[in-house]
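> Sharing a structure here in structure tokens format.
The values are calculated or read from the model by the stated rules, or taken from the named source; none is laboratory data. Keep in mind that this is a model prediction, so the values were computed, not measured. Because the Cβ atoms are built from the backbone with ideal geometry, glycine has one as well, and the counts that use them run over all protein chains shown.
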Amino acid sequence: MADAATAPGGMAAAPGARARAFPTLRQAGGSRAAYALTAPALVLMLLMLIGPLAGVIALSFTDYQLGAPSFAWIGLSNYQEMFADRVFWISLKNTLTYVAVVVPGAVALGLGIALLIQSGTGLRGLYRTIYFLPVMATLIAMAIVWEFMLHPQFGLVNGLLHAAGLQGHSWLQDRATALYALCVIGIWQALGFNMVLFLAGLVSIPKHLYDAAELDGAASAWSRFRLVTWPMLGPVTLFVVVISAIRSFQVFDTVQVLTKGGPSKSSEVLIYTMYAEGFEFFRSGYAAAVTVVFLAFVLSLTLIKSVLGRRDVHYA
Amino acid sequence: MKALGHTRPWSVIRHVLLLAGALVMLTPFIWMLSTASKPQTEIFSSDLHLIPYHFALWDNLRDAFARANLWRYLLNGLIVTVSIFGLQVLVALPAAYAFAKLRFLGRDVLFALVVFCILIPPQATAIPVFLLLHRLGVLDSYAALVLPFTISVFGIFLMRQFFKTVPDDLIDAARMDGISEFGIVWRVMLPTAIPAVTAFGIFSVVAHWNDYFWPLIVLNSEHLQTPPLAVAQFRNNEAGTNYGPLMAAAIVIIAPLVIAFLFAQRRFIEGITLTGVK
């Protein structure tokens, strides 16, 4: 993200720019040393990242089941089965719904809070700390706290609703609300992260632009926001949106511990489907096909990010 | 923006809005503390109150430690996160130095490969890595928790960017002194890179202390459980009956990172937002 993009030196810039004192010595000895220095990293990369990535794609064309003595290549059968499976489509739809709720929520709130914090000088550090706290705290532990807060009988949420004369609800046990309850937890957890990215973006907007806008008659806070802040934040915003989307696609912890995809699949999401198929039913081949779908979504988002990231550079 | 900050009414509105939001953000933490401080009878009552009538935090904590071997789980978390970070540094720093400061055939291609690997989400490789560990016979062990994360391509990328800013003269001088390339990594580059390594360390430790997905997949044995797994297990065993001890256990699990965060906020925020990849 921004930090990486701002680090000086493009890929080609530094090394050749200056005449070297010992070019030949450096290259001859340096080359062997370089391979020795990078070898452990490259071997592990092959073993733990590139190999498994190729492996998951290959697996998706097999009927392999964990523990089975052999497997067969079955072409697109896993994909055919998957596309014919109601649960897969529910899972995909739920994942997209989750992304469609959490991303706007966490981005808009993150931006709003960053703007509020930045609009004054008092207690900046304190607010930043408080809003960032959920990002830090172990999500599983906090999910369990949320579960108790959403407890139908003794939970805080229903308690407050009752006090206000409203009807309580079995938030996590009702198929109409379970996914949205998880969305709320997702937004709560993610918005502080986005806030920090927006704060960094706001700080980097040159002050003289506001002065210029004021000279041009942009007197109200809103017109300054519309004419300066928003356009200048554009690249950061797009970046935050993409990152939030990627993270939301990966939603798993809250689902696994709070709803197990239920009730009746109403909160089933892609990674949970993959987990259940691959690690509970040990249908590795089929789970691999689900993973490939997940991967396609996340990688296309990442692609958008890297394109936007490049455009982002000159604002840094 | 600047002009706004100086007007009195706006300053009040700003604080009101931010405090209201902060209250919402803190509610789960407050309610966790409140519930962990209440005896059973107060938890299971329809009368909502924040401050317990009878303060039972110590009882609940004692109960939590009696029901689950929390010290062991905290120790597991420490062992796993420290091992991962240590090995990541050991693997990534030499590679980062080579990519930043040495010229060798295929460097740019290999580095492009590193950058590509940053894009791979950790869930995507879970099945093959699981099968690999199964094959190696190391499932359900510390090795299963640590091995897959010994390679941090993001760490290589980050440290390379940092090393590029280190002046070449420093390295040339070290070579003149007869220090080997390997020695340069640890004796010249590492000392200059402490801030970057710290930021990366916070990023790494937070990510793996909080990780639930991977330990859930590779572990069976209770005595190896990491903190998130342990608290989920605790919840499965006790939910519906013992919320006080459960909330106390949750406090114990999040406490180390939250306390560290409160002491070094700036560094933590810097470290965690280092990447949007995770």
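> Answer yes or no: is there a residue in the range B:255-274 that is farther than 30 Å from B:Ala36 by Cβ, more than 11 Å from chain A (Cβ to nearest Cβ), of a type in the set (Lys, Arg) and assigned to a helix (DSSP H, G or I).
no
Results for (1) part of a helix (DSSP H, G or I); (2) assigned by TED's automatic domain parsing to the domain that holds B:Tyr243, shown as yes or no for each residue.
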site	(1), (2)
B:Ile51	no, no
B:Asp59	yes, no
B:Ser83	yes, yes
B:Leu87	yes, yes
B:Ala92	yes, yes
B:Ala96	yes, yes
B:Leu105	no, yes
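> With respect to B:Thr150, is the statement that it is at the interface with chain A (Cβ under 8 Å from one of its Cβ atoms) and at negative phi true?
yes
> Among (1) of a type in the set (A, V, I, L, M, F, W, C); (2) buried (at least 22 other Cβ atoms within 10 Å of the Cβ); (3) under 22 Å from A:Lys260 (Cα atoms), which single condition is A:Leu49 missing?
Going through (1) of a type in the set (A, V, I, L, M, F, W, C); (2) buried (at least 22 other Cβ atoms within 10 Å of the Cβ); (3) under 22 Å from A:Lys260 (Cα atoms) one by one, A:Leu49 breaks only (3).
> Do any helices (runs of 4 or more DSSP H) entirely within the range A:107-225 hold 3 or more residues that are surrounded by 15 or more Cβ atoms within 10 Å (Cβ to Cβ), and if so, which?
Ranges flagged: A:124-136, A:139-149, A:156-163, A:178-203, A:207-215.
> Could I ask something else about it? Provide a single number: the residues in the range A:275-285 that are more than 7 Å from every other protein chain (Cβ to nearest Cβ), crowded, with 19+ Cβ neighbours inside 10 Å and closer than 14 Å to A:Leu59 by Cα.
Final tally of qualifying residues: 3.
> Only one of (1) surrounded by fewer than 23 Cβ atoms within 10 Å (Cβ to Cβ); (2) outside any loop (DSSP other than H, G, I, E, B); (3) more than 10 Å from every other protein chain (Cβ to nearest Cβ) is not met by A:Gly262, so which one is it?
The single condition A:Gly262 does not satisfy is (2).
> Restricting to the range A:136-195, give me the number of residues that are touching a Pro at 6+ places or on another chain (Cβ under 9 Å) and charged (D, E, K, R).
2
> Shifting gears a bit: Go through (1) more than 9 Å from every other protein chain (Cβ to nearest Cβ); (2) without any contact (Cβ under 8 Å) to a residue 12 or more places away in the chain and name the single condition B:Leu26 misses.
Condition (1) is where B:Leu26 drops out.
> Does the range A:73-81 contain any residue that is within 11 Å of chain B (Cβ to nearest Cβ), more than 27 Å from A:Gln173 (Cβ to Cβ) and either under 26 Å from the mean Cα position of the chain (by Cα) or touching a residue at least 24 places away in the same chain (Cβ under 8 Å) (or both)?
no
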